[in-house]
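The values are calculated or read from the model by the stated rules, or taken from the named source; none is laboratory data. Everything numeric here is computed off the predicted structure, so don't read it as measured data. Don't worry about glycine lacking a Cβ; one is built from the backbone with ideal geometry, like all the others, and counts go over all protein chains shown. Just the protein is used for accessible areas: all its heavy atoms, side chains included, with ligands, DNA and RNA removed. Shrake-Rupley method; radii C 1.70, N 1.55, O 1.52, S 1.80 Å.
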Amino acid sequence: MDFELSETQKLIQQTARDFAAKELAPGASARDAESRFPFAELKKMAELGLMGINVPEKFGGVEAGVVAYALAMMEISRACASTAVTMAVTNMAAEIICYFGSEEQKQTHVPLITNGEYPAAAFALTEPQCGSDASSLQASARRTDRGWVLNGTKQFITSGAHAGVSVCWARTGEAGAHGISAFLVSKDTPGMTVGPKEDKMGLRASNTVSLIFEDAELPADALLGEENHGFKIAMTALDGGRIGVASQATGIAQAALDEAVNYARDRKSFGKTLGEHQAIQWMLADSATELDAARLLILRAAHLKQKKTAFTREASMAKLYATEAANRICGRCFQIHGGYGYIKEYPIERLVRDCRVTTIYEGTSEIQRLVIARLLLRG
Ligand code: COS
């Protein structure tokens, strides 16, 4: 494996880093406090190519690959994790449409995702009664002479209220994984309503809603891929999505470590700076080491995906380790701040809240362990 980044990867990383520092970091705390969706910021990110990093140029992407995507995600997350999750799901939806969609579906939606005309795109798999056990989903789609009629509710949908298109899963056949299909659902589909915005602990500037379908009418060409083969589309998308969430957690943890290092340099106790106490040094050293380990796991998974070789196990390992480590790191960095960490004036308070969900969404840590163990035992 080559540890040197290519010129393209460096360029994407630097572009994301500059944008994050200049345009995202200054407003992150206010957007969090006001739960304000970053419309203007997302539009600029699309102009920079950040909404289609691993998408072919033909559809408006920059075709820079998965490693570049992971690096950009780390930079954006370091400044504003809410914007980062919106970017992650949007890139994921664009990629799935490119991978599984017909030429017409790609032409219809992907350029509007990559150029920012759609503020975001969404991934609607989870339901009120099923998250981890995705193959038991209940929403249903019935074929009619005009297309499809969709009924059911999708829960915790990132950007659901603003997405130009949502990839949405529904049952079209038998119980279990082999009776599920994927659909492309455009905003303003008749019969689709958007539920109230969730009042979340963290990622408060991202939009999380339910999508309710009551005899929602979809055109015949809304089916993505083959009928009853949608579960594999979801699993393939989540394998890639897990690289994105792992990168997001790593970016948040890097921001927490930056804050803790600065605080440890300035704050004095018992006649010396915090950084001169061995107890604090060990916390910083463990955090920096875990961060690097997380980065290496992520870049390995990204590299494998980019080479188009199997990467399910490596993506789950990266997500499991990076998100658990990020929560440990945020916890330590919070502890270093003492009482000041607990007040909103200090960014660490937001970082701890934003980090928490990363061990839960796009597959909990427990699901990652299940995926890793199954593949291990299967040999
Ligand atoms: N890539 C491609 N296909 C996959 C796959 C993957 N990573 N994982 C599973 N599949 C296929 C299997 O090969 C199987 O197909 P065949 O029967 O034709 O062989 C089918 O999908 C069903 O797989 P499996 O039997 O493993 O399904 P389970 O119901 O046991 O579910 C888990 C597997 C738990 C891994 C899956 O439900 C999951 O990932 N859950 C978490 C969902 C999630 O992350 N939700 C968050 C949503 S976004 S916030």
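Across the chain, the convex hull enclosing all Cα atoms gives 135 Å³ per residue. Counting only protein heavy atoms and a probe of 1.4 Å, the accessible surface of the chain is 54% carbon and sulfur.
Between 278, 248, 306, which gets the highest mean-square fluctuation from a Gaussian network model of the chain, Cα cutoff 10 Å? Looking only at 278, 248, 306, the largest GNM fluctuation is found for 278. Restricting the range 144-250 to trypsin sites (Lys or Arg not before Pro) that sit in a DSSP loop and have at most 12 other Cβ atoms within 10 Å of their own Cβ leaves 146.
For residue 120, nonlocal amide neighbours, meaning residues 5 or more places apart or on other chains whose placed amide H falls under 5 Å from its own, are 164. If R0 equals 30 Å, the separation of the Cβ atoms of residue 308 and residue 136 corresponds to a calculated FRET efficiency of about 0.45. Seen through its C-alpha gyration tensor, with square-root eigenvalues sorted a ≥ b ≥ c, the range 123-229 comes out oblate because a/c lies at 1.5 or above while a/b is not bigger than b/c. Each Lys and Arg adds +1 at its Cβ and each Asp and Glu adds -1 at its Cβ; summed about the Cα centre, the chain shows a dipole of about 820 debye. Between rounded, prolate and oblate, where does the range 29-135 land on the alpha carbon gyration tensor, with a ≥ b ≥ c its root eigenvalues, rounded for a/c under 1.5, else prolate if a/b exceeds b/c? In terms of gyration-tensor shape, oblate. Set Lys and Arg Cβ to +1 and Asp and Glu Cβ to -1, take the dipole of the range 277-325 about its Cα centre, and tell me which of 282, 304, 323 lies farthest positive. Working it through, the farthest residue towards the positive pole turns out to be 304. In this structure, the residue pairs whose Cα-Cα separation is over 31 Å, taken from 44/200; 154/319; 197/319; 10/200; 10/43, are 10/200.
Taking the Cα centre of the range 232-378 as origin and assigning +1 to Lys and Arg Cβ atoms and -1 to Asp and Glu Cβ atoms, the resulting dipole is close to 560 debye.
When chymotrypsin sites (Phe, Trp or Tyr not before Pro) are flagged only if DSSP places them in a loop and at most 12 other Cβ atoms lie within 10 Å, the longest unflagged stretch of the chain comes out as 4-269. Charges were assigned to the Cβ only: +1 to each Lys and Arg, -1 to each Asp and Glu. The resulting dipole of the range 7-120 about its Cα centre is roughly 260 debye.
What is the calculated FRET efficiency for residue 39 to residue 278, with r their C-beta to C-beta distance and R₀ = 35 Å, to the nearest 0.05? Approximately 0.15, to the nearest 0.05. Within the straight-line cut-off of under 16 Å between alpha carbons, the aspartates and glutamates reachable from residue 305 are 2, 63, 95, 239, 314, sequence neighbours fewer than 8 places apart in one chain being disregarded.
Placing dummy labels 7 Å off each Cα toward the beta-carbon, the span from residue 3 to residue 376 is 2.6 nm. Secondary structure note: in the chain, about 80% of the DSSP beta bridges are antiparallel. For the chain, the longest principal axis of the alpha carbon atoms and the long axis of helix 278-306 meet at an angle near 30°. Taking the helices alone, the chain has a mean residue ellipticity at 222 nm of -17000 deg cm²/dmol, built from -39,500 (n - 2.57) per DSSP H run of at least 4 residues and averaged over all its residues.
What is the angle, in °, between the Cα long axis of helix 365-378 and the longest principal axis of the Cα atoms in the chain? Nearest 10 is fine, range 0 to 90. Between helix and principal axis, roughly 70 degrees. The lysines whose alpha-carbon is closer than 17 Å to the alpha-carbon of residue 58, local same-chain residues fewer than 8 away aside, are 106.
Backbone amide hydrogens, once placed in the peptide plane, bring residue 137 within less than 5 Å of nothing, excluding anything fewer than 5 places away on its chain. For the chain, modelled as a GNM whose springs connect Cα atoms under 10 angstrom apart, the maximal fluctuation among 32, 188, 239 occurs at 188. Highest mobility in the GNM of the chain, judged by mean-square fluctuation with C-alpha springs under 10 Å and restricted to 184, 274, 320, is found for 274. Helix 7-19 axis versus longest C-alpha principal axis of the chain: approximately 80°, rounded to the nearest ten. Please name whichever of 361, 336, 347 sits farthest to the positive end of the charge dipole of the range 312-379, dipole taken about the Cα centre and charges placed at Cβ: Lys and Arg +1, Asp and Glu -1. Farthest towards the positive end: 361. In the context of the full set of protein chains, residues of the chain present 44 Å² of accessible surface per residue (probe radius 1.4 Å, heavy atoms only).
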